[in-house]
Amino acid sequence: MRRDNTIPLPTDVSIITTYRCQMRCKMCNIWKYPSDVNKEISAKDLEKLPSLKFANVTGGEPFQRRDLEDIIAVLFTKASRVVISTSGWKNDRIIKLTERYPEIGIRVSIEGL
């Protein structure tokens, strides 16, 4: 809490974009409980976020989302650093996204191997 009794806004966020995942990692069972595509967070939902330093996009597997580029576009208006945590499985989509957003960070988990 600040001296003026206000609570500071967060500077970092993790956005769970989906609970869907094609991997079957032993350390994670998220794939057993996939989210309903129609109930997942949208890019429009993220427009409500305050200014941030850092946004981590995670899941399940974020690259399962057909609208991931829309989500990333909104997040780059909110945060100077955006990173996606991924299994790396959909490398063609990863390459396409990094060509559009060369400043994006990509974290590839090797846990499922």
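Structural remarks
- Check: the chain dipole with +1 on Lys, Arg Cβ and -1 on Asp, Glu Cβ, in debye: 220
- Two-decimal Rg/Rh across the chain, once Rg and the Kirkwood Rh are taken from alpha-carbon atoms: 1.01
- Each of the GluC sites (Glu not before Pro) that DSSP puts in a loop and that has at most 13 other Cβ atoms within 10 Å breaks the chain; the longest unbroken stretch is 48-102.
- Size of electric dipole in the stretch 51-113: Cβ of Lys, Arg +1 and of Asp, Glu -1, about Cα centre, debye, nearest 20: 140
- Two-site FRET efficiency, Thr6 against Lys39, from Cβ-Cβ distance with R₀ of 30 Å, rounded to 0.05: 0.40
- Neighbours of Ser87 by Cβ distance under 15 Å: Lys/Arg scored +1, Asp/Glu scored -1, total +4.
- For the stretch 80-113 versus the stretch 19-48, the gap between their alpha-carbon centres in whole angstrom: 16
Rule-based calculations on the coordinates, nothing more; no lab input. What you see is a predicted model; the values in this text were computed from it and never measured. Here Cβ is always computed from backbone atoms with ideal geometry, including for glycine, and neighbour counts include all displayed protein chains.
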